[in-house]
Structures are given as structure tokens and as C-alpha cells.
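Everything on this sheet refers to the single structure shown next.
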Amino acid sequence: MSFPLALGLTVIGTLIPGTGFLAAGRRLLGSVVLSIFVLLLLACGYYALTTDLSSVMHLAVSPDRLRLVSILLPAVGVAWVCVTLGTWRTLQPLKANTLQRLAGSALVTGLAIAILMPLAIGGRYASVQKSVVENVFASSDSRSETRPKGVTREDPWAGQERVNVLLLGGDGGKGRIGIRPDSLQVASIDTRTGNTVLFSLPRNLQKIPFPPDSPLADAYPDGVYAGEGDPLEWMLNSIYENVPAQHPGLLKSDNPGADATKFAVSGALGIRIDYYVLINLQGFAELINALGGITVNINEPVPIGGSEDSGVPPHDWLEPGPNKHLDGYHALWFARGRYGSSDYDRMKRQRCTMKAIIEQANPAKVLTRYEAIAQSSKKIVFTDIPSELLPAFVDLSLKVQKASVRSIAFTNEIIDSSDPDYEQIHSMVQAAIKASEQAAPSKSPRLTNGQPNGKPQASKNGDAPGQTSAPDEADQTSDEGSSSGSEAAASSDEDSTPDPAGESLEEACAYSPKH
């Protein structure tokens, strides 16, 4: 056999394993290898044709399957390289000179690299993903006072038609005491349709009622988080730190700060909070950089640094403009910059940042930067969502992508954060949920003062047990809570009450400069 023919058959024998052995006259070996290759090819084709995106994503959140994939892919690569090497050794001319042998070795080496690299990377990614699932998500035996009871793989929502997830942004980690969440939002998701309402609460919210059936209702006078001293110590964002410190051991939880905050948000909104997700903002910039940055619309200058209380001006600004591409450092300031900004402006920018991350984390970008993204995720994301429920949350996330997503920001334009009317808040929450349940996937009805037809209606599963009346007033006022009105909120009646549920995230995050 000539040298060029041997090289060509080696390449063919690599692309279609077994054919090189057949060409060399080794029929039995060639038939076995070719049969195995064809069977594997048919199995992969069948899987690709019969498996939907949901099933593929289920694989990505199953540690046992990921472990198997991390072993199988490199093993297949090694076997394939052995076939290539065996094919060349079988076809190599006996009278090949030194130069030809070197050329053959170079060819086999190149083919081996081409085979092993993608399969080894795939195995590595599977191993990294397994580590992410096991480190970020809760185990079935983790302790929590607030997680739903009776949850199973078969009934992941415990018979409820909504799941409410608290999204916290703060500088801290799992089980850490001593953080004050900078951002507090609740995603209330209809498990049947995926229609979602985002409720944003100001960090300076005061006089918060705990649900009557919670352990904290008896720990605080009249079940209200209020007391003497510095008002800063009786605001919503202080609960994560203060409640476990004031009542150590009261909450039997792996993260008592998160559970205490869930109870408080449940009382404030009048809905049960099922799970929390904490984003450690100290690592937020790292995640954005791993994604290659995000693109947002900036409608007014956003401060970088600065403190109004100390009289220190910002040392730089993010300038307004459409489609501004931000790296991690500048994206963090876009989300958190507060000098001269109202709470509403900051809360809206935080929602737009989340929207940008979700929309711009496309599969190609995630794949090419996957390991960096995964490693940063382990450092910044903490949650009490059990890993065994991830397939259900995967399916729900696919519904949310095609569903209606609305948002309400409870700023001082809508409520008085130092002395809130919680009955009003509960009515607005129930009205928004009701409207969301009735919304078509592509659009949602606008609400008048947060209420369809002017009258709130209760959701089937929205209200927290026993939460019907506003709490007793306490004599604390916020030295931080007076945020100026935002021009982004629309007025819908004669007294200029904002229409908080009438603005979609597309509208809120569009380029519409204020000046």
C-alpha cells in the first residue's frame, strides 16, 4: 500500500472508525469497531430527534448524570484515539522511510488532538456543572423554617399554583451573618403559565409585620419588626443581620438571616415566600466579566462612587446613551450607584441589569466562557432551592421565557416606606397577581392603581395565612427613606398616583433619556 493511500485511509478510518481496519483486511476487527460506531451514532441521532430542550436541561442539573457524562466522554475519546492509532499502525507501509514515519506520527497526533479536545472539554464542563449544582443548591436534608412542606419530584410545587422566590442582592454568602441586602425583589411565578410579577421592595421599609404563624411573630411586640434606637436598625435590609443576632437559635435554619428576611417579606407583601436566591454583589462583577459584559440603555448619568451623607462627590459617571456595553466593574455601579438617585431609579436599574444578564447569556457565549461563569457562580449565588427540584425549575424557566413579565416597585411614590399602609400593599400585590394570571403570554393588561377594575381580588394561593390587617404603628422614622419621585412611573388618575404594574421590563429598560 502506498504512503499517501495509507494516510488517506487513516483519516477515513478516524472519521468512520472501523473502515481503516476493513481496508487493511482485518475484517472481524473492522466489523466490530464499525458496528459499535454505527450503533452509537444511531443512539445519538435518536436522542437528538426525540429529546426536547427541557430534557437536555434536566441532564445539566442532575449530578448523577453529569458524573456519568464526565466519565464517558473522555473514555470515548481515549477509545477513539486508540482506534486511530491502531488504524495507522495497521496501514503503515513497512518500507516507509523516516520522513514518512514522522509525517504519519504528526497526522495521528493531530487527529488525536482533534478527537480528544472537544470530548475532554465536554467531560470537564460536566464535572464543573456537577460541582456547581452540588455547591450552590440546597441538599434535601438542609434545615429551613420557610421552605414549602410536602414537596416531591412528582409534585414540586406542593399542589400550589404559584411559586414565590425572593431575590436578594448583598455582600455576603451562605450562612453568613452580617450582611444587609441592597436589593430585595420577589418573583411571583404562575407554575401553569410562567406569567410572572416582580415585586421590588425598598431596603428602608419599616414597621414590617411578620406572618402570625411564624416563630418571629411572638418574638417581636405585636408581630412587628420595630423598636427603640437608630431607625437604620429597624429597616427591612437589617433583618438578615439583626434577627439572628437578637434571637439566636430561634430559627432552626442553615441560614437564619435568609429565613428571617423571607418571613418579613412574606408579611410585607401578604404572600408566602417559598425560596430565596442570594446574589453576592462582591462577586457580581466577576460574573459579568465572565459573560463578556452586558449591554444596557442608560437614560441619565449614573454615579460611580460618592456619598451624599459624607458630602463626597462621585469620582466618575456612566454617561447616558443607548446600548452601552459595560464590563463587570461598571455594570456593578450601574446597578448600585445611589448618589443623587431615588430608590425607584436604583431598583429599576437593578431589574434592568438582571434582564440584560438573562437575555444576553446566549448559549454560544455561555459555552465558550462556561468554566469561568460556573466558577464565579459558585462564589456569588446561594439559595435554599433543593437540587432535586431543579428539573421542575428548569421547566418553569422555559415557560417564563415565553410568558408575561410585569413589575411593581414599591417606592415612596407609591408607599411611605417609614410608615407603610400594608393593607394597600397587600391589595396591590393581589391585584397584580390576579392580572398576571389572566394575562396572555405576549402582553399583560395595564392596571389602574395596581388594581384591575379598581377592585383587588385574592389569588388562590397568594395570601399568607392570617395576614389580613396592617400592623400597629411604631414611632420610628427613616433618615434614609425619603426618596424623590421618579419621572419613569406613569400617572393614571387625578391625584397622580403611579401606575406601578403598568410598566413592563421592556418599557422600563428602553432608551428614553430624561434630559
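The values are calculated or read from the model by the stated rules, or taken from the named source; none is laboratory data. In this text, all values refer to a predicted model and were calculated from it rather than measured experimentally. Note that each Cβ is placed from the backbone with ideal geometry, even for glycine, and that neighbours are counted across all protein chains shown.
Quick notes on this one:
- Selection count where residues are within 22 Å of GLY122 (Cα to Cα), surrounded by 13 or more Cβ atoms within 10 Å (Cβ to Cβ) and among the small types (Gly, Ala, Ser), scope the range 72-108: 2
- Complete set of residues in the range 88-140 that are of a type in the set (A, V, I, L, M, F, W, C), under 44 Å from the mean Cα position of the chain (by Cα) and under 23 Å from GLY30 (Cβ atoms): VAL108, LEU111, ALA112, ALA114, ILE115, LEU116, LEU119
- Looking across the range 232-271, the residues that are surrounded by fewer than 21 Cβ atoms within 10 Å (Cβ to Cβ) and either hydrophobic (A, V, I, L, M, F, W, C) or in contact with a strand residue (DSSP E or B) (Cβ under 7 Å, 6 or more places away or on another chain) (or both) come down to LEU232, ALA245, LEU250.
- Taken together, the criteria exclude ASP384 from residues that are buried (at least 17 other Cβ atoms within 10 Å of the Cβ), at pLDDT below 75 and in the same structural domain as SER200 (by TED's automatic domain parsing).
- Enumerated strands (runs of 3 or more DSSP E) restricted to the range 113-205, each holding at least 2 residues that are within 19 Å of PRO386 (Cα to Cα): 162-170, 183-190
- Any hit, the range 32-46, residues being closer than 22 Å to ALA75 by Cβ and over 46 Å from the mean Cα position of the chain (by Cα): yes
- Pairs where the first residue, in the range 106-132, is within 19 Å of PRO17 (Cα to Cα) and outside the structural domain of GLY86 (by TED's automatic domain parsing) and the second is at pLDDT 95 or above and buried (at least 20 other Cβ atoms within 10 Å of the Cβ), C-beta under 7 Å, 6+ apart: none
- Residue pairs meeting the criteria (Cβ under 7 Å; at least 6 apart or on separate chains; first touching a residue at least 12 places away in the same chain (Cβ under 8 Å) and at positive phi, in the range 5-23; second in a helix (DSSP H, G or I) and aliphatic (A, V, I, L, M)): GLY18/VAL33; GLY18/LEU34
- Hits in the range 1-60 (condition: among the small types (Gly, Ala, Ser), assigned to a helix (DSSP H, G or I) and farther than 25 Å from LEU91 by Cα): ALA43, GLY45, ALA48, SER54, SER55
- Of all residue pairs spaced 6 or more apart or on separate chains, those with beta-carbon atoms under 6 Å, a first member in the range 271-291 that is assigned by TED's automatic domain parsing to the domain that holds ALA331 and a second member that is of a type in the set (Phe, Trp, Tyr) and crowded, with 23+ Cβ neighbours inside 10 Å are LEU278/PHE382.
- The residue that is nearest to THR196 (Cα to Cα), among those in the range 127-167 that are modelled with pLDDT under 90 and of a type in the set (A, V, I, L, M), is ALA158.
- Residue within the range 37-50 that is buried (at least 16 other Cβ atoms within 10 Å of the Cβ) and of a type in the set (Gly, Ala, Ser) present: no
- Any chance GLY454 is assigned by TED's automatic domain parsing to the domain that holds ALA264, out of contact with any Gly (no Cβ under 7 Å at 6 or more places or on another chain), at pLDDT below 70 and surrounded by fewer than 19 Cβ atoms within 10 Å (Cβ to Cβ): no
- Tally of residues being part of a helix (DSSP H, G or I) and among the acidic types (Asp, Glu) across the range 387-423: 3
- Of all residues assigned to the range 51-61, at least one qualifies as being of a type outside the set (D, E, K, R), in contact (Cβ under 8 Å) with a residue 40 or more places away in the chain and surrounded by fewer than 16 Cβ atoms within 10 Å (Cβ to Cβ).
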